[in-house]
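A quick write-up on the structure given underneath.
The values are calculated or read from the model by the stated rules, or taken from the named source; none is laboratory data. Everything numeric here is computed off the predicted structure, so don't read it as measured data. So basically every Cβ, Gly included, is an ideal-geometry build from the backbone, and we count neighbours across all protein chains shown.
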């Protein structure tokens, strides 16, 4: 999925933006800034029986793994390491 995304997404940009590797835009305060071309981050949380008591615990763990995946430049797949208690 990542390979297909990374192969396709550049064609949503102009040749100039692709060569530059970013687009120009404005932040929420209206200041000009540069934004990188789109990437995809996939976070996976394996669920071991009895590891989680409530669904929100899985959601919290997934949010943490997603935050970690967003620190990687470019597209990535991050699979959470199962904690054994």
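What is the number of the single condition among (1) surrounded by fewer than 11 Cβ atoms within 10 Å (Cβ to Cβ); (2) in contact with a strand residue (DSSP E or B) (Cβ under 8 Å, 6 or more places away or on another chain) that residue 50 does not meet? If we test residue 50 against (1) surrounded by fewer than 11 Cβ atoms within 10 Å (Cβ to Cβ); (2) in contact with a strand residue (DSSP E or B) (Cβ under 8 Å, 6 or more places away or on another chain), just (2) comes out false. Consider residue 42 carefully, then state whether it is more than 13 Å from residue 80 (Cβ to Cβ) and either in the same structural domain as residue 80 (by TED's automatic domain parsing) or surrounded by 10 or more Cβ atoms within 10 Å (Cβ to Cβ) (or both). Criteria not met by residue 42. Within the stretch 41-55, one or more residues are assigned to a strand (DSSP E or B) and out of contact with any helix residue (DSSP H, G or I) (no Cβ under 6 Å at 6 or more places or on another chain).
Screening residue 31 on (1) surrounded by 12 or more Cβ atoms within 10 Å (Cβ to Cβ); (2) modelled with pLDDT of 95 or more shows it passes everything except condition (1). Within the stretch 56-75, does at least one residue satisfy the condition of being part of a helix (DSSP H, G or I), touching a helix residue (DSSP H, G or I) at 6+ places or on another chain (Cβ under 7 Å) and surrounded by 14 or more Cβ atoms within 10 Å (Cβ to Cβ)? So far as the stretch 56-75 goes, no, none of its residues is part of a helix (DSSP H, G or I), touching a helix residue (DSSP H, G or I) at 6+ places or on another chain (Cβ under 7 Å) and surrounded by 14 or more Cβ atoms within 10 Å (Cβ to Cβ).
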